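First up is the structure itself, then whatever we jot down about it.
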Amino acid sequence: MGWFDWLTRKRPSASPLPWQQARQALPILQGLSELEQQRLCELAQALLARKTLTRLGVALTPLQQAGLALQAALPILHLGLDWYAGFHEIIIIPEPVTRRESVQDEYGLVSEVTEEHAGESWQQGPLVLAWSELADDGGWDGYNLIIHELTHKLDMLGGEADGVPPMGPGMDMDEWRRVFQAAFDDLRERDERNEASIDPYAATHPAEFLAVVTELFFTDPHRLHSVYPAVYDQLARQGERMSA
């Protein structure tokens with residue numbers, strides 16, 4: 001073999017990921033139709049091809065990579081990969097990051113607090129996720145870190161994260177704002193009485209409300225529908241998919 005042939009020959013292709021095994025291991029995917037599962041796998045493969053997956057101190061098995069990609073593709077199953085245009089890299093770290101931060105309350109008072117971050121999203125920046133919080137995702141428990149953080153990315157497509165992402169076909173932004181604002185106000189009132197019906201973290205900001213209810217939509221839809229049916233309906237229409 002000559003030098004030119006050695007330099008130009010194709011590298012051996014990477015082994016295919018175990019997509020079927022990964023799908024079967026994730027309860028939240030089992031309500032999808034065969035066509036939806038096929039589409040989800042195609043989106044997950046395209047996502048891994050288009051985004052850089054950086055692992056810092058974390059080794060993922062092929063099954064774990066496939067499961068991560070499938071969950072990441074779920075929110076855009078009927079929207080398309082272009083809805084993830086606002087970032088190019090997913091960084092996986094071992095544990096949540098803890099740091100001191102300045103927080104201003106509604107009265108303008110600033111205090112120093114210690115915050116733990118399992119995931120972070122920035123405008124035009126990477127997505128950072130703690131593997132210790134991701135490893136057990138995929139069940140019907142109301143929590144899913146990667147869906148939560150990717151919802152922030154969808155929210156940021158329209159600019160600042162404010163709980164109002166770009167609207168899909170046939171959606172009415174004014175109606176979305178009215179429905180979500182009413183639910184957010186209701187949750188804040190309930191939280192003040194220690195009667196929050198969903199994760200009270202959702203009451204801290206409209207962007208967090210959107211991220212939390214989107215987690216619920218995919219991982220505990222019956223609970224979301226029972227508490228905020230109008231919010232559930234908006235999310236179903238936005239994603240063009242009703243949960244099981």
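For the stretch 166-181, state whether one or more residues are without any contact (Cβ under 8 Å) to a residue 40 or more places away in the chain and of a type in the set (Asp, Glu). There is at least one residue in the stretch 166-181 that is without any contact (Cβ under 8 Å) to a residue 40 or more places away in the chain and of a type in the set (Asp, Glu). Identify all residues within the stretch 44-63 that are of a type outside the set (D, E, K, R) and assigned to a loop (DSSP other than H, G, I, E, B); write none if there are none. Answer for the stretch 44-63, where residues must be of a type outside the set (D, E, K, R) and assigned to a loop (DSSP other than H, G, I, E, B): Leu56, Gly57, Val58, Ala59, Leu60, Thr61. Sub-6 Å Cβ pairs linking a first residue in the stretch 48-64 that is at pLDDT below 95 to a second residue that is of a type outside the set (Lys, Arg) and in a loop (DSSP other than H, G, I, E, B), at least 6 apart or interchain, are Gly57/Pro94; Val58/Pro94, ordered by first then second residue. Collect the residues in the stretch 35-56 that are under 13 Å from Leu129 (Cβ atoms) and either exposed (fewer than 13 other Cβ atoms within 10 Å of the Cβ) or in contact with a Leu (Cβ under 6 Å, 6 or more places away or on another chain) (or both), keeping them in residue-number order. Leu56, the sole residue that qualifies. Restricting attention to the stretch 1-38 and to residues that are polar (S, T, N, Q) and outside any helix (DSSP H, G or I), the residue that is modelled with the lowest pLDDT turns out to be Ser13. Within the stretch 112-144, the residues that satisfy the criterion of being modelled with pLDDT under 90, within 27 Å of Tyr232 (Cβ to Cβ) and among the small types (Gly, Ala, Ser) are Ala118, Gly119, Ser121.
Yes/no matrix, rows are residues, columns are (1) of a type outside the set (D, E, K, R); (2) more than 18 Å from the chain's Cα centre (by Cα):
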site: Asp186; (1), (2): no, yes
site: Asn194; (1), (2): yes, yes
site: Glu208; (1), (2): no, no
site: Ala211; (1), (2): yes, no
site: Leu216; (1), (2): yes, no
site: Ser226; (1), (2): yes, yes
site: Tyr232; (1), (2): yes, no
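A residue that is part of a loop (DSSP other than H, G, I, E, B) and farther than 18 Å from Leu74 by Cα occurs nowhere in the stretch 212-225. Looking at the stretch 164-210 only, could you name the residues that are under 19 Å from Gly142 (Cβ atoms), of a type in the set (Val, Ile, Thr) and in a loop (DSSP other than H, G, I, E, B)? Answer for the stretch 164-210, where residues must be under 19 Å from Gly142 (Cβ atoms), of a type in the set (Val, Ile, Thr) and in a loop (DSSP other than H, G, I, E, B): just Ile198.
Can you pull out the residues in the stretch 199-223 that are buried (at least 23 other Cβ atoms within 10 Å of the Cβ), in contact with an Asp or Glu (Cβ under 9 Å, 6 or more places away or on another chain) and in contact (Cβ under 8 Å) with a residue 24 or more places away in the chain? Passing the criteria: Leu210, Ala211, Val212, Glu215, Leu216, Thr219. Taking the criterion of being modelled with pLDDT of 95 or more, of a type in the set (A, V, I, L, M, F, W, C) and over 23 Å from Ser121 (Cβ atoms), the residues of the stretch 189-244 that qualify are Val227, Ala230. Check the stretch 94-111 and report whether any residue there is touching a helix residue (DSSP H, G or I) at 6+ places or on another chain (Cβ under 9 Å), at pLDDT 75 or above and either loosely packed, with under 13 Cβ neighbours inside 10 Å or over 26 Å from Gln38 (Cα atoms) (or both). Yes, the stretch 94-111 contains at least one residue that is touching a helix residue (DSSP H, G or I) at 6+ places or on another chain (Cβ under 9 Å), at pLDDT 75 or above and either loosely packed, with under 13 Cβ neighbours inside 10 Å or over 26 Å from Gln38 (Cα atoms) (or both). Of all residues in the stretch 162-181, those being surrounded by 13 or more Cβ atoms within 10 Å (Cβ to Cβ) and more than 20 Å from the chain's Cα centre (by Cα) number 6.
The values are calculated or read from the model by the stated rules, or taken from the named source; none is laboratory data. Since this is a predicted model, take the numbers as computed values, not measurements. Glycine also receives a Cβ, built like all others from the backbone with ideal geometry; neighbour counts cover every protein chain displayed.
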